[in-house]
Amino acid sequence: MNDSCPDPSVWVAWRAGALAPAGHSRWEGHLTACAACRAELASLASLAAPAPLRPALQARSEGLSVRDR
């Protein structure tokens with residue numbers, strides 16, 4: 001990795017689709033030129049995807065109680 005490489009948390013967000021379109025495009029372009037970041041992204045791909053939220057936690061995140069569902 002070099003000075004133009006992002007923090008690994010950017011790759012986590014990129015992989016999750018959590019970046020704005022401009023940010024996604026910027027870092028996608030970076031990947032084409034940077035073997036170190038491609039390797040970093042590949043290592044993240046081996047991590048398990050986050051499990052879906054349990055219903056109670058999901059309801060809380062939507063401002064509801066479990067009884068509201």
Can you find a residue in region 48-55 that is modelled with pLDDT under 85, open to solvent by 100 Å² or more (accessible area, probe 1.4 Å) and either among the β-branched types (Val, Ile, Thr) or in a helix (DSSP H, G or I) (or both)?
no
Matching residues in region 1-35 - criterion: being within 19 Å of Ser46 (Cβ to Cβ) and not in a loop (DSSP other than H, G, I, E, B):
Pro8, Ser9, Val10, Trp11, Val12, Ala13, Trp14, Arg15, Ala16, Leu31, Ala35
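The values are calculated or read from the model by the stated rules, or taken from the named source; none is laboratory data. The structure presented is a predicted model; accordingly, all values stated were derived computationally and were not measured. Ideal geometry is used to build each Cβ from the backbone, glycine not excepted, and the neighbour counts take in all protein chains shown. Ligands, DNA and RNA are excluded from the accessible area calculation, which covers all protein heavy atoms including side chains. Shrake-Rupley method; radii C 1.70, N 1.55, O 1.52, S 1.80 Å.
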